[in-house]
């Protein structure tokens, strides 16, 4: 909590979220209803789970461009295995495969010394190609009671998917801001050479953070499978860009070393609300993507400038 208070950019993200929500209530219809709020936080949960994982690697000056492929991989594998076996087996296999992707990413960074962007993009491309071969481009349907309940049921009016997201965010807050491993991640984000010289266990930190990121992308894929009942090769595509955008909008420096998980929660909510608002204003997909891309570029330039001057 002290880290959040010291870094007011996360608080700023919640302030912007409140202003955008007020604008939505005033200038669009339906945003002031309880049903609308419930649906928004439910759909924000899918992005939010991926974004929390992305925060773990961005904080250590990394990035994971394979998350979109892992979302699809998890859903496809779960649906296919569940159709031949049972839902529990499908879930476990999907999560195991997601963890394997994270281990591969970390191995490439540690032992091959590849840049995170190159390694994770290559991994995501291989996964996308393998899924195309495996499925022949055909979607798979699956109704797994546990995933259906997790994606669509609620507790005291709060969607279970949101409860899961907040629980994951709380665990990530502890990992990054209250544990020794989190301090290592922050140190790597500030200066990897200095961290190595100080005895920071770079391989262990890298393996844990990238594996956790891939695992959370896999969890998001499972929740999405429960929400839609169908897995497809493209279901994870929006989350590659949006997960990074949520991290940046939440006040975490894209160069690592500063930020807060709670800011990412605000960023995911803000992006989901902005998208819903633009849809309500009948803007097409193209203009929405252009506006989002320009916003990300502007924020990246602002944070890069801030990092150079501090």
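Which of rounded, prolate or oblate describes the stretch 90-220 when judged by the alpha-carbon gyration tensor and an a/c cut-off of 1.5? In terms of gyration-tensor shape, oblate.
In the elastic network of the chain, a GNM with C-alpha springs shorter than 10 Å, the most mobile of 85, 243, 141 is 85. This ranking places 134, 184, 210 by how few other beta-carbon atoms lie within 10 Å of each, fewest first, which gives 134, 184, 210. With the simple spin-label model, which puts each label point 7 Å out from Cα in the Cβ direction, the residue 112 to residue 99 separation comes to 2.3 nm. Taking other Cβ atoms within 10 Å as a rough exposure proxy, 231, 198 sort from fewest to most as 198, 231.
Shape verdict for the stretch 2-309, please, from the Cα gyration tensor: rounded (a/c under 1.5), prolate (a/b greater than b/c) or oblate. Oblate. Here the extension length gained between residue 255 and residue 191 equals 22.0 nm, from 0.36 nm per residue of separation less the Cα-Cα distance. Is the stretch 2-134 rounded, prolate or oblate when judged by the Cα gyration tensor, a ≥ b ≥ c being the square roots of its eigenvalues, rounded requiring a/c under 1.5 and prolate requiring a/b larger than b/c? Cα axes put the stretch 2-134 in the oblate bin.
Extending 7 Å from the Cα toward the beta-carbon at both residue 134 and residue 154 defines two label points whose distance is 3.4 nm. Here the sum of -39500 (n - 2.57) over DSSP H runs of 4 or more residues, divided by the residues of the chain, equals -26000 deg cm²/dmol at 222 nm, to the nearest 500.
The modelled label-to-label distance between residue 125 and residue 280, using points 7 Å beyond Cα along the C-beta direction, is 4.1 nm. Of 12, 165, the sequence from fewest to most neighbouring Cβ atoms within 10 angstrom is 12, 165.
A Förster radius of 30 Å combined with the Cβ-Cβ distance from residue 146 to residue 181 puts the calculated FRET efficiency at roughly 0.50.
Any read-out appearing in this document is the output of simple, stated calculations on the displayed coordinates, not a laboratory observation. Quick caveat, the model's predicted, so the values are computed rather than measured. As a convention, Cβ positions derive from the backbone with ideal geometry for all residues, glycine included, and neighbour counts pool all protein chains shown.
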